[in-house]
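> Dropping the structure in here first, questions after.
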Amino acid sequence: MPTDIPTSLLGRSLIGFKEGSDTPDPKRAIDPSNGNEIEPPFFNASSEEVESAATLAKNAFQSYSGKSGAERAEFLEAIANEIEALGETLTQRAMQETGLPEGRIIGETGRTTGQLRLFAQVARDGSWSQPRIDTAIPDREPLPKPDVRSMLRPVGPVVVFAASNFPLAFSTAGGDTASALAAGCPVIVKAHSSHPGTAELVARAIQSAARATSMPEGVFSLLFGGGRSVGSALVTHPAVKAVGFTGSTAGGTALMKLAAERKEPIPVYAEMGSVNPVVLLPGAIADRGESIAAGLHVSATLGVGQFCTNPGVALVKKDDAGDAFVASFVEKMKATASQVMLNATIQSAYSDGVQRMDSSQGVRTLVSNTVNDGSSGCLGSAAVFETDASAFLADATLSEELFGPGTTIVRWSETSELLAVLESFEGQLTGTLHGTEDDFAQYGDALPILERKVGRIVYNAFPTGVEVCPSMVHGGPYPATSDGRSTSVGTHAITRFARLIAYQDSPQNLLPPELRDDNPTGVTRLENGKFAS
């Protein structure tokens, strides 16, 4: 049963099972719909509190990494239950801090608890650790073969940076936290300044679940404070062994630099910018251009375009059907009402990007509503720009992300132009192809290009919305992510926070249970080249 969590916010960091102190110069959250401050004040973690959280996490690692998969699963499921018990208190606070509608917050809460329960299943099953056993052949010639066994083991304390655009699913108890805890790693979350109250409520739920399931103190902490102070101190602390980040390219690369310059460099798994190109092939446009225009409009404006999978660039052939498609899409975007964006910084950056595109040579502005000055809240308006392949290829700034409800349409005539535009893209989270069977045969050279450029290829659908399931890949080549071999969504995410360890000729009683001959956990293993359980 969920325990009683205080719903009155105190604004203090949570360091293990304790609270932080009231430090100078506290900050308040801002209601993006009106610009008003929201009580209470939130106090930045002191350097001593950062040190305490890191030390607690380091000490907790020895105990927590030794917990069974079933024990970790119980902890994750308890967190999910505690978050659900917050109910309306959590929903209303998240809405106030982000400007997101009730349905979005309720849906995101469900995704968050669903992720926690999914990783509980992964932890309980144990096969994520990929145990392998190669038994000894002592009489092998010319040399005996030793007994070698290996598996993935947790890497150590992990720092997670909460995201601005997902106050729940990519924040305090989001996918990074869930996967790290499932792997056996203590977590320190650096709260996002846009939604600190939401962070505190969820952190208290995690804290309560940790107590209820007898987890060691330090298995989780939440720290308030700026990225340049608290965030940098966490990334450079020797106790920290990995970092999870969702945010801007500038923020992610800054953390990567800090981590690489440590005496002991550590991995930073940063999910950063992406324009998610959508290729609209001519057969599909001719057959169902109107429905594609409607779908692209919904995808481009969903959540005021504040999704990392927002379709920022659409590639459309120069022909009559393409012209009709563009006209239909523009009509729908013009009719889109301005909506509240997450915060003033995001709204300002989007407005600057719209103005940059509006003044770029070779670009035609098809939709650009009045740029909001912030006096009526952080409003974002739909924008559509059109250019051709040659202009797009000549100006790299045209492929920069517009984080908001803005779409750039690139018109092409020859297949060579389409392929050249696709080749010009840096790494992306997604690439989308709309086409008929004949389209895919005629433009088949587009697919291998996308396979090199993106982490997920979408056919005849739209990229917004990331299904949380074992096979999902939410990643991509740099700069979409810092490491294109990983994912921040789906059960593969757990492997980011683990490393391989081999045991040679180990006594049975010193092996992890997953590698012992009697296999007490019942996990599926690769034994002498064959899977068995």
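> Mind giving me the nanometre distance, one decimal, between the label points for Lys257 and Ser390, set 7 Å out from Cα along Cα→Cβ?
3.8
> What are the GluC sites (Glu not before Pro) within the range 405-500 that DSSP puts in a loop, where the Cβ has at most 13 other Cβ atoms within 10 Å? Could you put the intermediate results ahead of the total?
Values: sites: Glu414, Glu417, Glu423, Glu426, Glu437, Glu451, Glu467; in loops: Glu414, Glu426, Glu467.
Passing sites in the range 405-500 are Glu414, Glu467.
> Could you calculate the contour length gain from Ser232 to Leu526, that is, 0.36 nm times the residue separation minus the distance between their Cα atoms, to one decimal place in nm?
Computed gain between Ser232 and Leu526 is 101.8 nm.
> What number do you get for the range 1-124 when its Cα radius of gyration is normalised by 2.2 N^0.38 Å, N = residues?
1.24
> Which residues' amide hydrogens lie under 5 Å from the amide hydrogen of Ser368, considering only partners 5 or more residues apart or on another chain, with H built in the peptide plane?
Counting only residues 5 or more places away or on other chains, the set is Val384.
> So I have (i) 24.7, 81; (ii) 24.5, 75; (iii) 28.0, 91, and one of them is Rg and Dmax of the Cα atoms in Å calculated from this model. Which one is it?
Matching the structure shown: (i).
> Residues with beta-carbon under 12 Å from that of Thr249, excluding Thr249: net charge, scoring Lys, Arg +1 and Asp, Glu -1? Show your work: numbers first, answer last.
Working: positive: none; negative: Glu271, Glu400, Glu401, Glu426.
That works out to -4.
> Same structure, new question: Would you please give the FRET efficiency between Asp147 and Ser127, computed as 1/(1 + (r/R0)^6) with r the Cβ-Cβ distance and R0 = 22 Å, to the nearest 0.05?
0.55
> Let me ask something else. To the nearest 20 debye, what is the magnitude of the charge dipole of the range 130-270 about its Cα centre, counting +1 on the Cβ of each Lys and Arg and -1 on the Cβ of each Asp and Glu?
200
> With the other protein chains left in place, how much accessible area per residue, in square angstrom, belongs to the range 340-441 at a 1.4 angstrom probe? Present the calculation step by step, with values, prior to reporting the outcome.
Values: 4100 Å² over 102 residues.
It amounts to 40 Å² per residue over the range 340-441.
> Right, another one. Regarding the range 86-220, what is the average projected area of its C-alpha convex hull, in nm²?
10.3
> Starting from the Cα of Leu10, step 7 Å along the direction of its Cβ; do the same at Thr345; then give the gap between the two resulting points in nm.
If labels sit at Leu10 and Thr345, their model points lie 2.7 nm apart.
> Tell me, what is the FRET efficiency for Asp352 and Ala294 to the nearest 0.05, using R0 = 30 angstrom and their Cβ-Cβ distance as r?
E between Asp352 and Ala294, to the nearest 0.05, is 0.55.
> Which of Ile266, Thr464, Ser390 sits closest to the plus end of the dipole of the chain, meaning its Cα is farthest towards the positive end, when Lys and Arg get +1 and Asp and Glu get -1 on the C-beta?
Of the options given, the answer is Ile266.
> What distance in nm separates the two pseudo spin-label positions at Ser506 and Ala85, each 7 Å out from Cα along the beta-carbon direction?
Once both label points are built, they end up 3.7 nm from each other.
> Next question, about the same structure. Using DSSP, restrict attention to beta bridges with both residues in the chain and report what percent are antiparallel, rounded to the nearest 5.
Numbers: 28 of 69 bridges.
If we restrict to bridges inside the chain, about 40 percent are antiparallel.
> Sticking with this one: Which lysines, if any, have their Cα less than 17 Å from the Cα of Lys263, not counting same-chain residues under 8 positions apart?
Lys241
> What's the angle, to the nearest 10 degrees (0 to 90), between helix 196-212's Cα axis and the longest principal axis of the chain?
Around 30 degrees separate the two axes.
> Based on the Cβ-Cβ distance of Gln62 and Asp320, what FRET efficiency does E = 1/(1 + (r/R0)^6) give at R0 = 60 Å, to the nearest 0.05?
0.30
> May I ask for log10 I(q)/I(0) of the range 351-467 at q = 0.15, 0.20, 0.23 Å⁻¹, from a Debye sum over the Cα atoms as equal point scatterers with solvent left out?
With one equal scatterer per Cα and no solvent, log10 I(q)/I(0) is -0.77, -1.21, -1.39.
> When all C-alpha to C-alpha distances in the range 103-175 are sorted into bins of 5 Å, what percent of pairs does each bin hold, rounded to whole numbers?
Result returned by the calculation: 4, 13, 12, 14, 14, 10, 8, 6, 5, 5, 4, 3, 1, 0.
The values are calculated or read from the model by the stated rules, or taken from the named source; none is laboratory data. Since we're looking at a predicted model, the values are computed, not measured. Note: ideal-geometry Cβ built from the backbone for every residue, glycine included; neighbour counts use all protein chains shown. What goes into the accessible areas is simple: the full protein's heavy atoms, side chains included, and nothing from ligands, DNA or RNA. Shrake-Rupley method; radii C 1.70, N 1.55, O 1.52, S 1.80 Å.
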